[in-house]
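Report on the following structure.
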Amino acid sequence: MNEIGDHPNDQLGTLIGVSKAMHHLFALARRVAACDVTVLITGETGTGKELLARAVHHLSSRGVGPFVAFSCANLPETLVDDELFGHERGAFTGAAVARRGRFEAADGGSLFLDEIGDLPLGSQAKLLRVLQDRSFERLGSNNTLRVNIRLLCATHRDLMEMVGLGAFREDLYYRLNVTELHLPPLRDRREEIGLLARHFLQRFTEQFGKAPMHFSGGALCALEEHNWPGNVRQLENVVQRAVVLAEGSTIEVGDLPTGLSGAIRQLLIAHSYDSEVREFKRRLVRRALEECGGNKTETARALHVARGYLHRLINELRR
């Protein structure tokens with residue numbers, strides 16, 4: 001995301017946010033970035049944890065160094081160890097040449113380990129050692145290598161709960177959780193849905209070589225009312241799909257997935273009914289007031305309602 005809002009805290013790196021929660025997160029991330037400590041980034045899948053990690057890296061003194069990312073999700077221990085620590089030639093069948101691991105590649109910069117909660121217990125012990133003295137050995141080697149890295153980790157899982165279940169090392173948890181940055185889910189910052197949707201709309205129309213497009217009121221309402229279990233990533237995918245499918249310059253409700261469009265049709269029907277009733281009341285009260293010369297007591301009598309209720313109704317219809 002490259003769009004910058006009106007507020008100086010609307011953006012951190014490529015993350016966009018106008019809610020109080022995101023402004024607080026951005027301010028905290030800037031303070032954390034200035035200190036060379038390990039950072040644990042938490043939040044649901046799709047909230048932008050890697051984007052936040054990249055922002056912390058680029059704002060830090062290591063910003064000119066490498067940013068190396070690796071996902072620990074659902075990988076066996078042997079593969080994780082090879083990816084992180086590398087191997088020497090002949091370390092195992094198929095190891096025809098020596099290979100640097102992610103720790104070596106990140107030397108002088110930052111290593112981002114995504115889905116750290118999926119790291120096998122054996123690999124957790126090896127990671128703990130690296131955090132303690134910044135040293136390790138490649139697979140098949142007795143030579144100790146030292147690296148100068150900053151570790152940034154992310155997870156959508158409750159690591160403290162995993163500690164209680166014996167699935168995550170308690171000593172590693174406290175090593176990782178020096179500072180925690182939490183990304184709130186999109187449903188808790190609905191005021192940003194329209195901003196993000198329009199940003200993605202501009203990006204994808206440019207990417208696909210289409211003329212500028214916009215959302216209809218109903219389509220934008222559908223996006224803002226949805227709970228977004230997949231968070232920003234899901235919103236991005238929905239907008240991309242809509243740009244591809246839309247025939248004109250307007251994204252309509254029908255261009256959105258069925259789950260969103262079906263729900264919004266019901267919502268629009270309800271809103272339409274409420275609007276019609278509200279407009280009927282407004283016309284009725286206005287006409288009665290005119291016929292009674294603006295006298296509210298006479299107007300209440302003509303409408304067969306209590307004077308207090310008429311006052312409340314007039315105030316309500318003024319909003």
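Just so it is clear, none of the values below were taken in a lab; they were calculated from the coordinates. As the structure is a prediction and not an experimental result, all values here were calculated from the model. Neighbour counts are summed over all protein chains in view; Cβ atoms, including those assigned to glycine, are modelled from backbone coordinates with ideal geometry.
Summary of values
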{"item": "Among 233, 129, 54: highest mean-square fluctuation, GNM of the chain, C-alpha pairs under 10 Å", "result": "129"}
{"item": "Net dipole in debye of the chain [+1 Lys, Arg Cβ; -1 Asp, Glu Cβ; about Cα centre; nearest 20]", "result": "1000"}
{"item": "Structure-based [θ]222 nm, the chain - -39500 (n - 2.57) summed over DSSP H runs of at least 4, per residue, nearest 500", "result": "-15000 deg cm²/dmol"}
{"item": "Ascending count of other beta-carbon atoms within 10 Å, so fewest first, for 304, 226", "result": "304, 226"}
{"item": "The chain - percent relative contact order, Cα under 8 Å, separation 6 or more", "result": "17"}
{"item": "Cross-link reach list, lysines versus residue 126, counting only Cα pairs under 29 Å and skipping chain neighbours closer than eight places", "result": "49"}
{"item": "Fluctuation leader among 49, 281, 126 - the chain, Gaussian network, Cα springs under 10 angstrom", "result": "281"}
{"item": "Neighbour-count ranking [beta-carbon atoms within 10 angstrom, fewest first] of 136, 103", "result": "136, 103"}
{"item": "At least 27 Å along the helix axis (C-alpha) and Kyte average at least -1.0, DSSP helices within the chain", "result": "258-291"}
{"item": "The chain: most fluctuating residue of 167, 69, 95 per GNM, C-alpha cutoff 10 Å", "result": "95"}
{"item": "Exposure proxy order (Cβ contacts within 10 Å, fewest to most) of 255, 107, 36", "result": "36, 107, 255"}
{"item": "Percentage relative contact order, region 1-102, counting C-alpha pairs under 8 Å, at least six apart", "result": "17"}
{"item": "Relative intensity, log₁₀ I(q)/I(0), of the chain from a Debye sum that treats every alpha carbon as a point, q = 0.15, 0.16 Å⁻¹", "result": "-1.16, -1.23"}
